[in-house]
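Reviewing the structure listed below.
The values are calculated or read from the model by the stated rules, or taken from the named source; none is laboratory data. Bear in mind the structure is a predicted one, so any value in this text is a computation, not a measurement. Positions of Cβ are backbone-derived with ideal geometry, glycine not excepted, and every protein chain shown enters the neighbour counts. Side chains are part of the model used for accessible areas, which takes the heavy atoms of the whole protein and leaves out ligands, DNA and RNA. Shrake-Rupley method; radii C 1.70, N 1.55, O 1.52, S 1.80 Å.
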Amino acid sequence: DLKWTFERRLQASNLQPVVLNLTKRCNNACMFCRVRDPNVADGMLEDLAATLAQKREQGATSVDLGGAEPTLHPDLVKLIRYSRKIGYTEVRLTTNGRMCAYESYAKILVNSGVTSLFISLHGADEATHGHLVGDSDAFSQTVEGIKHCIAHKPDSLELGINVTLTNTNVEVMSEHFEFIFKLGIERINLLFLKPFGEQTFELEPEVHHTVENVAALMEAWEGRVDCRVFNLPPNLMPSLNKKSRALQAEERG
């Protein structure tokens, strides 16, 4: 009985999504993130592929490819294609979208076999987004990348936007939703800050006020935008669930 139970639990654990970080490099310098480290070498293609194969043999069918910024890894598309070839049914990617400003790259990426692509956009203008990601050029490049992904994506690809909520953007989320919707995106993830980056506590919005704003926002956009909330303390989740389809889950990248 113990052996049977152990094997069932081991099998269940293997079915959890594989999280594979490809690189520590990033072309943003987000104020709330400490993942970036240009002194760390990219993962080797052979090692990354071996990990994918091992986890697949153990029963995994879903993989999250992350970084810092995964599109900076030269073998990203090869790894996506390899993942699908060996039987992964879900290949998810979170990116800042700047590489997709190159239309040829965006076209290849969205048709590589990736099943879910979320692009981080934290403000509806250059000042808001650029301040948070540490680069004034990032906004125009990310927006251009989003447009290219929309233009070339297959119908099967889930395409959405990730927004990290801070005290510099939470009050203008209505305008941000409007901007994202006009781009042609109908799926938005709102990410509450975790105590992660060096400036997280400086950027963290007041939680209860933010919950009220988010609940009102999601109610206003109900039926037009599929909005989901991540990293919110469990005791605060019910107040949003009554008004929306908000979900609680771990942040994906």
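General observations
- Pair list, Cβ under 9 Å, 6 or more apart: region 25-45 residue within 17 Å of Met99 (Cα to Cα) and free of Cβ contacts under 8 Å to residues at least 12 places away in the same chain, other residue open to solvent by less than 30 Å² (accessible area, probe 1.4 Å) and among the polar types (S, T, N, Q): none
- Figure legend. Inter-residue proximity from region 99-128: first residues at positive phi, second residues open to solvent by 10 Å² or more (accessible area, probe 1.4 Å) and of a type outside the set (Ser, Thr, Tyr), beta-carbon distance below 9 Å, spacing 6+ or different chains. Indicated pairs: Gly113/Val77; Gly113/Arg81; Gly113/Arg84; Gly113/Lys85.
- Yes/no for Glu69 being open to solvent by less than 30 Å² (accessible area, probe 1.4 Å), among the charged types (D, E, K, R) and in contact with a strand residue (DSSP E or B) (Cβ under 8 Å, 6 or more places away or on another chain): yes
- Residue count for region 130-179 under the criterion of being hydrophobic (A, V, I, L, M, F, W, C), in contact with a Lys or Arg (Cβ under 8 Å, 6 or more places away or on another chain) and either modelled with pLDDT under 95 or open to solvent by less than 10 Å² (accessible area, probe 1.4 Å) (or both): the result is 2.
- Residues of region 102-117 that are over 13 Å from Ile150 (Cβ atoms) and in contact with an Asp or Glu (Cβ under 8 Å, 6 or more places away or on another chain): Thr115, Ser116.
- Within region 14-41, the residues that satisfy the criterion of being surrounded by fewer than 16 Cβ atoms within 10 Å (Cβ to Cβ), modelled with pLDDT of 90 or more and touching a Ser or Thr at 6+ places or on another chain (Cβ under 9 Å) are Val40, Ala41.
- Selected residue (only one of Gly59, Gly113, Gly97, Gly66 is modelled with pLDDT under 95 and closer than 25 Å to Ile188 by Cβ): Gly66
- Matching entry among Leu65, Leu79 (being closer than 19 Å to Ser116 by Cβ, free of Cβ contacts under 8 Å to residues at least 60 places away in the same chain and part of a helix (DSSP H, G or I)): Leu79
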